[in-house]
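Student: One structure follows; several queries about it will come next.
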Amino acid sequence: MSLENGCMQFIAGSHLGPVLLHGPIGGDPTTHGLECVSGFDAKEAVICPLDLGDCTIHSGRTLHFAGPNPSDGPRYAYSLVFGLPRHASPEQRSFPMERQSPFFARCTRARIALERQLLAVSLSQGARVRLRQSL
């Protein structure tokens, strides 16, 4: 993967700063992705070309992007997403871009439903453990 076929690029140190304003890709609210719209300089991006079998690993908070692939060859990608345990944040955790996109609204509703199901299962398992302990 090279710069010519759209390799990944990263904004160094961006994971250490605040969450920047994002918007739908190209301003189109029907797209399922977001792009950062301000607060960084794309000219400072670190280009990360890869050889066959290479990979990149980065925090989800690191600003990253891939350019277009104008070459005749395909550009394949395989993404794995891992999360860290949640912790309380002193920052406001509501982002305008979440309210602007129908896709992210669906994701948020699905996440809330899943969290409610997990909480119900957790409470149910906790009740069973307490019941077993009392027997």
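Student: Answer with yes or no whether Gly60 is modelled with pLDDT of 85 or more, in a loop (DSSP other than H, G, I, E, B) and either surrounded by 10 or more Cβ atoms within 10 Å (Cβ to Cβ) or in contact with a helix residue (DSSP H, G or I) (Cβ under 6 Å, 6 or more places away or on another chain) (or both).
Tutor: no
Student: Another question, if that's okay. Residues of segment 14-36 being surrounded by 12 or more Cβ atoms within 10 Å (Cβ to Cβ) and part of a loop (DSSP other than H, G, I, E, B), which ones?
Tutor: Passing the criteria: Gly17, Val19, Leu20, Leu21, Pro29, Thr31, His32, Gly33.
Student: Moving to a separate point now. Filter segment 1-13 down to the residues that are surrounded by fewer than 16 Cβ atoms within 10 Å (Cβ to Cβ) and part of a helix (DSSP H, G or I) and list them by number.
Tutor: Once the filter is applied, which keeps residues that are surrounded by fewer than 16 Cβ atoms within 10 Å (Cβ to Cβ) and part of a helix (DSSP H, G or I), segment 1-13 yields Leu3, Glu4.
Student: Sort out which residues of segment 1-34 are over 15 Å from the mean Cα position of the chain (by Cα), more than 22 Å from Tyr78 (Cα to Cα) and among the polar types (S, T, N, Q), and write them in order of number.
Tutor: Thr30
Student: Hey, another quick one. Residue under question is Gly39, and the condition is that it be in the same structural domain as Leu16 (by TED's automatic domain parsing), assigned to a loop (DSSP other than H, G, I, E, B), at pLDDT 65 or above and over 26 Å from Ile11 (Cβ atoms); does it hold?
Tutor: No, not satisfied.
Student: Continuing with the same structure: Any residue in segment 59-83 that is under 21 Å from Ala12 (Cα atoms) sitting within a Cβ distance under 9 Å of a residue that is part of a loop (DSSP other than H, G, I, E, B) and of a type in the set (Val, Ile, Thr)? List the pairs, counting only those 6 or more apart or interchain.
Tutor: Gly60/Val81; Arg61/Val19; Thr62/Ile11; Leu63/Ile11; His64/Ile11; His64/Thr56; Phe65/Ile11
Student: Which condition does Met1 not pass, out of (1) closer than 12 Å to Phe65 by Cβ; (2) touching a Leu at 6+ places or on another chain (Cβ under 8 Å); (3) in contact (Cβ under 8 Å) with a residue 60 or more places away in the chain, if it passes all the others?
Tutor: (1)
The values are calculated or read from the model by the stated rules, or taken from the named source; none is laboratory data. If you're wondering where the values come from, they're calculated on a predicted model, not measured in any experiment. When we count neighbours, we look across all protein chains shown, and the Cβ atoms used for this are built from the backbone with ideal geometry, even at glycine.
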